[in-house]
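The values are calculated or read from the model by the stated rules, or taken from the named source; none is laboratory data. Source: prediction; values computed, not measured. No Cβ is skipped: glycine too gets one built from the backbone with ideal geometry, and neighbour counts run over all protein chains shown.
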Amino acid sequence: MLPTELLEHRKRGEELTPKRLPIDTTNLELASEAIAIFKSAIGETQGELSRKLADFEGDFPDYRVRRGFAHLLKSKYSTIEIVSPLPPEDLRRRVFALAAQSVPHPDRAAKTLDRVAMELSRDLDREIRPELVRDGLYADLQENRRLTEFDAPEPETLLNFYNLSQVQGIFYRASDIVINAYRNVPGQYKLLFRYLKLFGLMCYIEGDADHGFTVTIDGPTSLFKPSTRYGLSIAKLVPALLHVSRWNLTATLHNRDRDSGNWKQGRYSLDSDCGLVSHYPPGKEFDSMLEESFAKRWAKLDTPWQLEREVDLVPIPGSVAIPDFRLVHPDGRRVLVEIVGYWRPEYLRKKFAQARKIDAGGLAVSFVLAVSERLNLEKAGVKIGDLPVPIVWFKGKLQPKAVLEAIERVATVEP
């Protein structure tokens, strides 16, 4: 995404509109020029790349666009690494120790590099040239790191990425976002809710699968301390939302006026016909390392219960729950499993409130809640004594055997 200083938007009243570049010949040529610079810099240092980009930026009035292209190409498509036969700190120690054994003289430097190169070639069993030793001495400095790989995008792809990044920047200082997900196929709902979980966003979901859902998300400026990191998580949801077929959103924004320095409130709206292009894949298999670890451990367990990642939406009064896993037995029994390992107090309160509603709604579904012992439930104001669903406690990793014991107690054959 783009840093704040490269974001551009217009304001009419309270409505903000981010800058979006048309996909035309002029902009495609500019994007091609930026891409060509990175291609030409493969193998060169970051300092050399920066000088080329400075020439590209020049004193053109569209310098922010040019700088934005460079930022996106560097952050997403480039691999910049330390290139040295040894970690630079170790290499410096080795070279300086050898150099200290003789009287300082201009001719000694080349001989020292030759000797170190010969020793490293022997130790590493490959040819190390003196030039590589010389360049590797301070290869850990930012300007000396090298562009080793560049996965060049198409010019149109870069333009689409730039336009999307401008829109994402709108949400860095949002106080609240409301998403209306219209009637979609169930898989579209699941995708949206999975992304909400993936980015750890505090949200409240109302509605049902027949009529659609309203998702209210607390933005970073609604927290006790505004969190830039949380604002980035909000922004990351935008390209994920583009994979959902029918939706719209409205956001309340708080931005600092560049002239006065005062904070001003604004509004922003977006919908599924916005024309933005997502660079995200349709979805990830797991939302967290905790879930992935549990799935891998379950696969090694000797049991007829089959673990499924894609689960049904579970309607509860006024909202919906999306458990992490579904366990299916050949005899027809099914159990939904939800893993609670996230610490934010508001998230915990809402999660346990949903667990109570599952029973309160009189739903014929077997349900198991796995809860980390590391969570400070007391501080979050969560009481679990009256929970109607069984709980499996875990510390670092969720053990499949503990879950298996719990589901055998609660699973029933569905009619």
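I'd like to know if the stretch 92-99 contains one or more residues that are small (Gly, Ala, Ser) and surrounded by fewer than 13 Cβ atoms within 10 Å (Cβ to Cβ). Spell out how you get there, then give the answer.
The initial filter retains those residues of the stretch 92-99 that are small (Gly, Ala, Ser), namely 97, 99.
Filter once more, so that each one left must be surrounded by fewer than 13 Cβ atoms within 10 Å (Cβ to Cβ): 97.
Yes: one or more hits.
Out of GLY47, GLY58, which single residue is modelled with pLDDT of 95 or more and either surrounded by 13 or more Cβ atoms within 10 Å (Cβ to Cβ) or more than 25 Å from the chain's Cα centre (by Cα) (or both)?
It is GLY47.
Residues to consider are LEU192, LEU159, LEU223, LEU198; find the one that is modelled with pLDDT of 95 or more and surrounded by 15 or more Cβ atoms within 10 Å (Cβ to Cβ). Quick ask: steps written out before the conclusion?
Values: LEU192 fails: modelled with pLDDT of 95 or more; LEU223 fails: modelled with pLDDT of 95 or more; LEU198 fails: modelled with pLDDT of 95 or more.
Just a single option satisfies the conditions, and that option is LEU159.
Grab the strands (runs of 3 or more DSSP E) fully contained in the stretch 1-107, keeping just those with 3 or more residues being closer than 25 Å to ARG145 by Cα. Walk me through how you get there before you give the answer.
Details: elements: 9-12, 15-18, 78-81.
Filter on the stretch 1-107 gives 78-81.
Okay, residues lined up against (1) at pLDDT 95 or above; (2) surrounded by 19 or more Cβ atoms within 10 Å (Cβ to Cβ); (3) in contact with a strand residue (DSSP E or B) (Cβ under 8 Å, 6 or more places away or on another chain); (4) under 30 Å from SER121 (Cα atoms):
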| site | (1), (2), (3), (4) |
| --- | --- |
| PRO3 | no, no, no, no |
| HIS9 | no, no, yes, no |
| GLY13 | no, no, no, no |
| GLU33 | yes, no, no, no |
| ALA36 | yes, no, no, no |
| LEU53 | yes, yes, no, no |
| HIS71 | yes, no, no, no |
| LYS74 | yes, no, yes, no |
| THR79 | yes, no, yes, yes |
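Could you tell me whether any residue of the stretch 124-131 is in contact with a Lys or Arg (Cβ under 7 Å, 6 or more places away or on another chain) and within 22 Å of ALA41 (Cβ to Cβ)? Break it down into steps so the answer makes sense when it comes.
Here is the first cut: in the stretch 124-131, the ones in contact with a Lys or Arg (Cβ under 7 Å, 6 or more places away or on another chain) are none.
No, the stretch 124-131 contains no residue that is in contact with a Lys or Arg (Cβ under 7 Å, 6 or more places away or on another chain) and within 22 Å of ALA41 (Cβ to Cβ).
Can you name every residue in the stretch 80-123 that is within 29 Å of ILE42 (Cβ to Cβ) and touching a Ser or Thr at 6+ places or on another chain (Cβ under 8 Å)?
Correct list: ILE80, GLU81, VAL83, LEU91, VAL95.
Could you run through the stretch 109-154 and say how many residues are within 34 Å of the chain's Cα centre (by Cα), surrounded by 14 or more Cβ atoms within 10 Å (Cβ to Cβ) and assigned to a helix (DSSP H, G or I)?
2
Can you report the number of residues in the stretch 297-326 which are within 12 Å of VAL337 (Cβ to Cβ) and modelled with pLDDT of 90 or more?
Adding up the residues that qualify gives 2.
Tally the residues that are at pLDDT 80 or above and farther than 21 Å from ARG12 by Cα, restricting the search to the stretch 267-285. Break it down stepwise before answering.
Kept after step one, since they are at pLDDT 80 or above, are these residues of the stretch 267-285: 267-280.
Going one step further and asking which of them are farther than 21 Å from ARG12 by Cα, we end up with 272-273, 275-280.
Residues that pass the stated criteria total 8.
Looking only at the stretch 100-108, decide whether some residue is among the small types (Gly, Ala, Ser) and surrounded by 11 or more Cβ atoms within 10 Å (Cβ to Cβ).
Of the stretch 100-108, the ones among the small types (Gly, Ala, Ser) are 100, 102.
Checking which are surrounded by 11 or more Cβ atoms within 10 Å (Cβ to Cβ) leaves us with none.
No: zero hits.
For every residue, the table says whether it meets (1) of a type in the set (Ser, Thr, Tyr); (2) touching a Leu at 6+ places or on another chain (Cβ under 6 Å).
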| position | (1), (2) |
| --- | --- |
| GLU8 | no, no |
| GLU14 | no, no |
| SER40 | yes, no |
| SER50 | yes, no |
| GLY58 | no, no |
| GLY68 | no, yes |
| THR112 | yes, yes |
| ARG115 | no, no |
